[in-house]
1. Using label points projected 7 Å from each Cα along Cα→Cβ, tell me how many nm separate residue 169 and residue 424, to one decimal.
2. Tell me which residues come under 5 Å, amide H to amide H, from residue 215 once H is placed; ignore anything under 5 positions away on its chain.
3. Taking the stretch 402-465, which GluC sites (Glu not before Pro) meet the DSSP loop condition and have no more than 12 other C-beta atoms within 10 Å?
4. Go through 261-270, 468-477 and give me the packing order, highest mean Cβ count within 10 Å leading.
5. I need the phi-derived Karplus couplings for the stretch 216-230: 6.51 cos²θ - 1.76 cosθ + 1.60, θ = phi - 60°, integer Hz, Gly and Pro marked x.
Amino acid sequence: MSGGWPLLGGGVLLSVGVDGTKAYRLAWCGQPVGEEFALISAVTGNMTLSVVAVCCAASAVFAQRSEPGAFVNQQRAITNLIHEQREQFAPSIEKTDLDYGGFLSSYTLLYDDGLESSRTLRRTDLRLWGRLSVEHGAHEFFVRSRLSYLDFNGGDQFEIDEENDREGMNLERGYYKFDLQRANQAYGGERLGYNAALKIGRDFAEFGTGYALSTPLDQVWLRWTYRDVQVTGLVGRTIGSGQDFDLSRDAERTRRNFSGAEVRYLGFERHRPFAYVLWQNDQISDGPRLSAQRFEYDSFYVGFGSSGEIVPNLAYSTEWVFETGRSFGNRRVQRKNRINAWAWDIELEYLFDRPTSPRVGVEYMFASGEDDRIGSPTDSVGGVSRGFRDEGFIGFGFRDTGLAFAPRLSNVHVWRAGASYFPFEGHERLDRLELGTNWFLYYKHRRRGAVSDPLANVPSGYLGWEMNYFANWQMSSDLSATARFGAFFPGRAFDDQTTRTFFLVGVTWAF
C-alpha cells in the first residue's frame, strides 16, 4: 500500500500510506446542525488534486441566536475539509523555491433540513495561496486565504436581512516550518539518525486518525523522530472565527486551548500504531453569567489505534478514545459533572486489482451518549440535571456520517457500507470519472438522550437510514466537477417521517 490509496466516496477522499499519514481525509463528523459543502483543489507542481466534501444535517433555528447554528457552522466545516500534510507541496530541488496559485469553486445546493421543504444556496469561494521554501525545504513559509460569497434564494436564508453574504478575505492557513534534517543537509552535513521539525502558525491539527482531534488551530507543533519512534507535541488554540459546539451559550465565537502529545511507532512494514493524550480547556468568555447557569466544558482524551494494511489491497483504520473531564449540567453554577465517555471507529477498505479500480468499504462509528441530555448532546442548557455524571462524548474530530442527516458523533451508532469505481478507465475524456455510493444505518446509544438533530424527539433508538450517490469528474489537470445526491429516511425516533433529500452540483478551477 506504499504511496497510499486515493479513495473518493460519498464526501470522503482518503489516502492512507504505510507511514500512517493521510494525504487528505475529507469528511465531517457533523456539527449539531449544519448544511455544508466544499469543492477544493490543491495544486502540487503541475498536478491538480481535486477533492470534494459534502456534509448536510437537519437543523433547528433558535430564535435567541443572532445567527442560526446551521449557517455559522459552515465556516468550520469548510475549513475542516482539507488537512495539509508537509508533502502537500513537494520540496523543490532548488535552494530557494517560490510557488503560488489559487482555485475558484462554485456550487449550487438544494436540500431539505427538516424545517423547510426546500432551501437553495449558491456558494462561490476564491482561495489564494503562496509558499516559500528556503535551503532545500529547511525553512518553509505557507499562507492561504479565502473569500466566499453566499447567495440564498429569496426566503431561504436563515436571517431575514442576509439573503446574500460575503465572507473574508480570511486567513485559512499560515505558518512557518523548520526541518532539522533538511537544514543539516543544506549546509553540507551528513544525514542525521534523527530529525526534529517545528511548526508555528495556523494549520490543521490531527491526532491518531482524527476521531477526537482534527481541526485547524493556531498552534506550536513539534515533532521528534528517532529510529522507529515518532513523537509529536502540540499546543494550540481554536481559530476565533469558528462557532462553538455549545450553542446554548451567548458567546459568538469559540475559544478553546489544546495541548497534547502523540507517539507513533514506524517499525512495522504494514502497520502504524499510535497512542496519544490530549487536554482541552474552555476559555470562552460568556459575559455576564446567568444566575442559574454556567457553561465551562474541560475535557481530557486518551486514544490509541492503528492504520495500515492487513493483507495486500485490504486497508484498515481504527481508533479508540476514552474521554474524562468536567462540565456544567443544566442549571448548574457550582458543582461540575464528571465526564466519563468513550468512542471508537473501525474501517476496512478493499481495492480490487482489476480494470475500473473498483473498491468497497465498511465502517462502524460509535460515540457514547447521555440519556439525561435533552434537546442537544452538546449544549449546557438542557444538559445533565440528575446526578453529576456525563457519559456523552464530545470530540473535535470528524468522520463522514452522510449527506442529508449527518449526525454529530455523540450518542450514536453509525454503520456505513460503500463502493466506487471508474467505469470509463482508459477513455480519453472520461478516464477520471468516478461513480459511487454509500449507505448508512443510524441508531442511538441512549434512546432517551438527544442527538444532534433536535427533530429526533421520540425516545426511540432507531434513527433511520440513508443512501448517498456521487459522481466526481476530473476533466483536466485544473478543472474538476462533482454531483451529490442523498436521501435520509427517518426512523421511529422522529415524529416527522418525511424523507429528506440533498442535492448539489459544483465545479472547481485551479490556476
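Any read-out appearing in this document is the output of simple, stated calculations on the displayed coordinates, not a laboratory observation. Bear in mind that the values here come from a model prediction, so they are computed numbers and not experimental data. Ideal geometry is used to build each Cβ from the backbone, glycine not excepted, and the neighbour counts take in all protein chains shown.
1. Going from the residue 169 label point to the residue 424 one covers 3.7 nm.
2. Amide H to amide H, under 5 Å and 5 or more residues apart or across chains, residue 215 pairs with 205.
3. Answer in residue order: 428.
4. Ranked by mean Cβ neighbours within 10 Å, highest first: 468-477, 261-270.
5. x, 9, 7, 8, 10, 10, 10, 10, 10, 10, 9, 6, 9, 10, 10
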